[in-house]
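Once you've had a glance at the structure underneath, I'll fire off some questions.
What follows is calculated from the coordinates using simple rules that are stated; it is not laboratory data. Every value quoted in this text rests on a predicted model; they were computed, and no experiment measured them. Cβ coordinates were reconstructed from backbone atoms using ideal geometry, including for glycine residues, and neighbour counts include every protein chain displayed.
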Amino acid sequence: MAIIDFFDRGWRINPHGAAYIQDGAVTTFTEAGEMSCRIANALLARGFASGVKGAVWAANDVTAWLCALGLWRANQCWIPVGARNAPEENRYVLDAFDCEILFFQREFAEAIAALRPQLPKIRLWICVDGEVEGAESLEAFVAGQPSTDPQVVVDPDDVIWVGPTGGTTGLPKGVMNTHRSVQTSFAHFMINTPYPAGIKPVNLAAAPMTHTAGMLSFPCTARGGTVVVITKPDPQLLLAAIPQYKVTEFFLPPTVIYRLLDIPDLNKKVDFSSLRYFLYGAAPMSVEKLRQAIEVFGPVMMEGYGQTEAPGAIAHLTPGEHFVDGAIAGSERLSSVGRPNPLIRVEIMGDDNQILPQGETGEICVRGDLIMKGYYKDPQKTAETIVDGWLHTGDIGHLDADGYLHITDRKKDMIISGGFNVYPSEVEQVLWGHPAVQDCAVIGVPDEKWGESVKAVIELSSGQSVSAEELIALCKEKLGSVKSPKTVDFIDALPRSPVGKVLKKDLRARYWQGANRQI
């Protein structure tokens with residue numbers, strides 16, 4: 001299936017039903033489908049062929065999401081950009097991944113105008129919610145275009161999503177996902193979230209659809225269900241929407257779940273009886289907090305483990321697997337990420353790329369239709385990551401005697417804080433730029449709220465001084481608050497190998513010793 005076929009399946013099932021609800025306004029499947037057709041036809045009429053890359057820079061908004069659907073209906077390639085990212089980060093992604101089409105909201109027009117001279121590859125600028133100097137309005141762009149499907153020929157291995165990730169340099173790499181890989185991801189989700197006949201799901205999109213939540217909404221849409229779009233990251237709006245729309249499924253990172261659990265008597269204030277699947281993932285979750293979540297929200301918690309290179313669906317811990325003999329399962333089960341999904345093969349490999357016996361610890365490797373096509377314009381990194389058809393995830397773990405997958409460490413130094421990826425070398429580059437900093441190491445440390453928080457450990461230059469507050473402010477200015485250290489420690493000498501390399505593993509051990517965590 002092509003990615004747009006999942007939407008069209010729901011359109012056929014429920015043409016007059018609510019596909020999306022935002023601030024009480026309903027967009028039916030037919031209205032959404034016809035608009036996506038007009039957008040696709042307009043793109044094709046302007047000469048943008050299959051494979052051309054486009055992005056949508058917007059907050060959570062149904063119209064903005066329909067622009068992404070329009071790109072896919074034209075078999076074009078979507079580049080997700082985060083509305084909360086620093087503008088410079090989005091500029092890098094748009095330029096490095098050869099974006100030619102940019103849909104955006106007026107809210108971001110000023111930042112985009114400042115970056116425009118640095119984005120010469122973009123040939124089409126469309127404002128989705130009005131008129132902006134130097135851009136066409138979406139209304140004018142689609143005027144006169146037919147509301148019928150353009151019937152573009154697709155290949156299952158066409159690249160339809162280049163998602164930014166990071167590496168040892170800290171600069172994002174472009175992960176190329178195809179119709180085939182996202183089809184497998186959606187199939188895994190649907191296998192793990194069955195619904196009785198006649199029941200249509202209601203998905204709550206609390207995060208921007210044009211970044212993450214939109215991909216999670218596709219299985220709901222394919223079943224003719226409704227996606228309820230929350231326009232602001234407000235827990236009260238989210239909680240109110242669940243009983244109002246009888247939400248059956250939604251995703252939140254652990255840090256937001258923790259905030260909800262801090263509300264006294266939450267399950268007495270909010271009716272969660274409609275929920276079937278409360279998906280969590282993207283960051284470590286405390287086993288103790290997970291038990292509390294089960295008590296508050298009911299037997300609906302469901303973990304998902306994946307990465308951009310194998311989107312979202314390497315393994316799932318389904319709601320029922322959180323229990324053993326009718327009681328909440330023990331820590332061993334709850335600290336796993338579930339069993340590997342059925343349409344892929346997952347094995348643990350040693351440094352020699354040989355499969356290890358069950359129970360032994362090594363690198364988690366994945367093979368099958370879920371994995372990416374490769375890294376955009378980076379064949380060398382692709383060859384290093386996909387070896388003999390096996391995707392090397394960079395995560396270290398083991399499969400237990402019952403077949404549950406456990407992640408125990410990371411090969412890479414990436415920090416996941418509150419569901420956001422933070423690449424230490426990017427932060428270190430900023431810190432090294434301060435004259436008082438002789439050397440530094442940025443690591444993730446235990447954080448009850450965020451799973452991990454960013455810590456900088458600093459060696460000062462001789463005779464120099466700087467406060468933690470100054471360094472944090474510098475990072476916020478350059479990188480934004482998410483990537484900035486939350487704490488700074490000063491140290492006489494960082495631990496180093498005989499050749500002078502900073503031993504981050506040893507440094508992390510000082511902070512993680514005794515921590516009860518799930519990586």
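Ordered by packing density, taken as the mean number of other Cβ atoms within 10 Å over each peptide's residues, highest first, how do 485-495, 307-317 rank? All intermediate terms of the calculation are to be shown ahead of the outcome.
Numbers: 485-495: 15.6, 307-317: 24.6.
Most protected by this proxy first, the peptides run 307-317, 485-495.
Using a ≥ b ≥ c from the Cα gyration tensor of region 181-246 (square roots of the eigenvalues), is it rounded, prolate or oblate, where a/c under 1.5 gives rounded and otherwise the larger of a/b and b/c decides, a/b for prolate? Before the final figure, lay out each step's value.
Numbers: a/c = 2.64, a/b = 1.34, b/c = 1.96.
It comes out oblate by the Cα gyration axes.
Further, regarding this structure: Over the Cα atoms of region 324-395, each weighted equally, I'd like the Debye log10 I(q)/I(0) at q = 0.16 Å⁻¹, rounded to two decimals.
-0.67
Among 161, 93, 244, pick out the residue whose Cα is farthest towards the positive end of the charge dipole of the chain, where Lys and Arg carry +1 and Asp and Glu carry -1 on C-beta, about the Cα centre.
The one lying farthest along the dipole's positive direction is 244.
Mean residue ellipticity at 222 nm from the helices of the chain, using -39,500 (n - 2.57) per DSSP H segment of n ≥ 4 over the full residue count, to the nearest 500 deg cm²/dmol? Let's see the in-between values first.
Working: 17 runs with 160 residues, N = 519.
Taking each H run of at least 4 residues, the total per residue is -9000 deg cm²/dmol.
Right, next: Report the Cα-based extents of region 415-512 along its three principal axes, largest first, to the nearest Å.
Reported extents, whole Å, longest axis first: 36, 30, 19.
Could you pull out every residue, at least 5 positions away or on a different chain, whose amide H is within less than 5 Å of the one on residue 58? Hs are placed 1.01 Å off N in the peptide plane, and Pro or chain starts have none.
HN-HN under 5 Å from residue 58: 83.
Between region 1-54 and region 307-383, what is the separation of their alpha carbon centroids in Å?
Cα centres, region 1-54 to region 307-383: 32 Å.
Please provide three numbers in whole Å: the alpha-carbon extents of region 171-325 along the principal axes, with the largest listed first.
Cα spread of region 171-325 along its principal axes, largest to smallest: 44, 39, 38 Å.
Can you run phi through the Karplus equation (6.51, -1.76, 1.60; θ = phi - 60°) for region 40-51 and list ³J(HN,Hα) in whole Hz, with x for Gly and Pro?
The phi angles translate into 4, 5, 5, 5, 5, 5, 7, x, 8, 8, 3, x Hz.
For region 381-427, restrict the atom set to alpha-carbon positions and state the Rg and Dmax in Å.
Here Rg and the maximum Cα pair distance are 13.5, 40 Å.
Would you please calculate the Kirkwood hydrodynamic radius of region 121-190 over all C-alpha pairs and express it in Å, rounded to one decimal? Display every interim value, and only then the final one.
Working: mean 1/r = 0.0631 Å⁻¹.
Over region 121-190, the inverse of the mean reciprocal pair distance is 15.9 Å.
Once you have a ≥ b ≥ c as the square roots of the Cα gyration tensor eigenvalues for region 1-139, tell me rounded if a/c is under 1.5, and otherwise prolate or oblate according to whether a/b is larger than b/c.
Details: a/c = 1.96, a/b = 1.52, b/c = 1.29.
It is prolate, given that a/c is not under 1.5 and a/b is the larger ratio.
With unit charges on the beta carbon (Lys/Arg positive, Asp/Glu negative), name the residue among 437, 419, 407 whose Cα is farthest towards the positive pole of the charge dipole of region 406-448.
407
What base-10 log of the normalised intensity I(q)/I(0) is obtained for the chain from the Debye formula, alpha carbons as equal point scatterers, at q = 0.08, 0.10, 0.11 Å⁻¹?
-0.51, -0.82, -1.01
Also, I was wondering about something else. In what order do 398, 16 fall by count of nearby beta-carbon atoms within 10 Å, going from fewest to most? Intermediate values should be presented prior to the final figure.
On the way: 398 19, 16 8.
So the residues, fewest neighbours to most, are 16, 398.
Could you give the size of the charge dipole of region 415-512 about its Cα centre, using +1 on the Cβ of each K and R and -1 on the Cβ of each D and E, expressed in debye and rounded to the nearest 20? Mind showing how you got there, number by number?
Values: 12 positive and 13 negative charges, 60 e Å.
Dipole magnitude for region 415-512 comes out near 280 debye.
Let me know the shape class of region 20-85, please: from the alpha-carbon gyration tensor, a ≥ b ≥ c as square roots of the eigenvalues, rounded when a/c is under 1.5, otherwise prolate if a/b is greater than b/c, or oblate. Could the numbers behind the result be given before it?
Numbers: a/c = 2.98, a/b = 1.25, b/c = 2.40.
Cα axes put region 20-85 in the oblate bin.
Projected onto the charge dipole of the chain (+1 at Lys/Arg Cβ, -1 at Asp/Glu Cβ, origin at the Cα centre), which of 20, 292, 104 gives the Cα projection farthest towards the positive end?
20
What are the ³J(HN,Hα) couplings of region 441-451, residue after residue, when phi is run through the Karplus curve with 6.51, -1.76, 1.60 and θ = phi - 60°? Round to Hz, x for glycine and proline.
With coefficients 6.51, -1.76 and 1.60, one gets 9, 10, 9, x, 10, x, 8, 4, 8, 9, x Hz.
Which FRET efficiency value, to the nearest 0.05, do you get for residue 140 and residue 30 by plugging their Cβ-Cβ distance into 1/(1 + (r/R0)^6) with R0 = 22 Å? List each step's numbers first, then the result.
Values: r = 22 Å, r/R0 = 1.02.
In this case the efficiency is close to 0.45.
If contacts are Cα pairs under 8 angstrom and at least 6 residues apart, what is the relative contact order of the chain in percent? The partial results should precede the final answer.
Working: 1090 pairs, mean separation 61.6, N = 519.
Contact order relative to length: 12 percent.
Dipole magnitude of region 131-255 about its Cα centre, charges +1 at Lys/Arg Cβ and -1 at Asp/Glu Cβ only, in debye to the nearest 20?
Numbers: 6 positive and 10 negative charges, 136 e Å.
Dipole of region 131-255, to the nearest 20 debye: 660 debye.
Additional query: For region 415-512, what's the relative contact order in percent, using C-alpha pairs closer than 8 Å and at least 6 residues apart? List each step's numbers first, then the result.
Values: 169 pairs, mean separation 26.9, N = 98.
27 percent.
Return 12, 116 ranked ascending by Cβ neighbour count within 10 Å, so the fewest neighbours appear first.
On the way: 12 11, 116 15.
So the residues, fewest neighbours to most, are 12, 116.
Collect residues whose amide H, placed 1.01 Å from N in the peptide plane, falls under 5 Å from the amide H of residue 77; neighbours closer than 5 in sequence don't count.
51, 52, 53, 54
What are the residues whose amide H is under 5 Å from the amide H of residue 438, where those residues sit 5 or more places off or on another chain and H is modelled from the backbone?
Under 5 Å from the amide H of residue 438: 459, 460, 461.
Under a point-charge model restricted to the Cβ atoms of Lys and Arg (+1) and Asp and Glu (-1), what is the dipole moment magnitude of the chain relative to its Cα centre, in debye to the nearest 20? Provide the component values of the computation, followed by the final result.
Details: 47 positive and 61 negative charges, 73 e Å.
My answer is approximately 340 debye.
Tabulate in residue order the Karplus-calculated ³J(HN,Hα) for region 23-34, using 6.51 cos²θ - 1.76 cosθ + 1.60 with θ = phi - 60°, rounded to whole Hz; enter x for Gly and Pro.
For region 23-34, the Karplus curve yields 6, x, 7, 9, 10, 6, 4, 5, 4, 5, x, 5 Hz.
Turning to a different aspect of this structure: Return the whole-Å distance between the Cα centroid of region 128-146 and the Cα centroid of region 243-275.
Each part's Cα centre sits 38 Å from the other's.
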